[in-house]
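Structure first, then comments.
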């Protein structure tokens, strides 16, 4: 009858380790975070061509860049109207580029913006330029604020120096990343397991020590 209490104690420790909710001190791997969109707060372009003013204004507007999907004109940031011209940013896959996606690695972030376009419409005429690329930058793991830059040859500078683009904002995440258990949980698990193994060893030893009765 005496082994019952150690057995119950060992099982209790195992239950705590396996079923207790993860505390606030749990470690979360940033690379497991699912980025659903980027909340844009500003941006700029280092470019001395004819597109710099309107394109810089578009990049400087607040907006929402959705991950893993394409966004039509006016959805990413508001279009700019100037006379009979409309200036816009949008994402599209008609050139074979994938929808935007983001990868976080600690305090670094990489965003595939190869499907980002700049468009100018004038009456029935519409002209577009692919201004995207592989954007890299920094991320604050606590606030999720980011800063990205990339370079691209486009427009009347196809044979000249590339334009340098930058955007800033905040990462919006979705889903629950898998937490990494704390060392305390591991201690509970190992302690409970050792207790159960010790009890089993004692029982086997006791059985081996029993005298053999012969007829």
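In the stretch 82-92, the residue that is farthest from residue 131 (Cα to Cα) out of those that are out of contact with any helix residue (DSSP H, G or I) (no Cβ under 9 Å at 6 or more places or on another chain) and at pLDDT 95 or above is 86.
For residue 109, the conditions (1) surrounded by fewer than 18 Cβ atoms within 10 Å (Cβ to Cβ); (2) assigned to a strand (DSSP E or B); (3) at pLDDT 95 or above are fulfilled apart from (1). If you check 126, 90 for being without any contact (Cβ under 8 Å) to a residue 24 or more places away in the chain, in the same structural domain as residue 166 (by TED's automatic domain parsing) and assigned to a strand (DSSP E or B), only one passes: 126.
The values are calculated or read from the model by the stated rules, or taken from the named source; none is laboratory data. Every value quoted in this text rests on a predicted model; they were computed, and no experiment measured them. Neighbour counts are summed over all protein chains in view; Cβ atoms, including those assigned to glycine, are modelled from backbone coordinates with ideal geometry.
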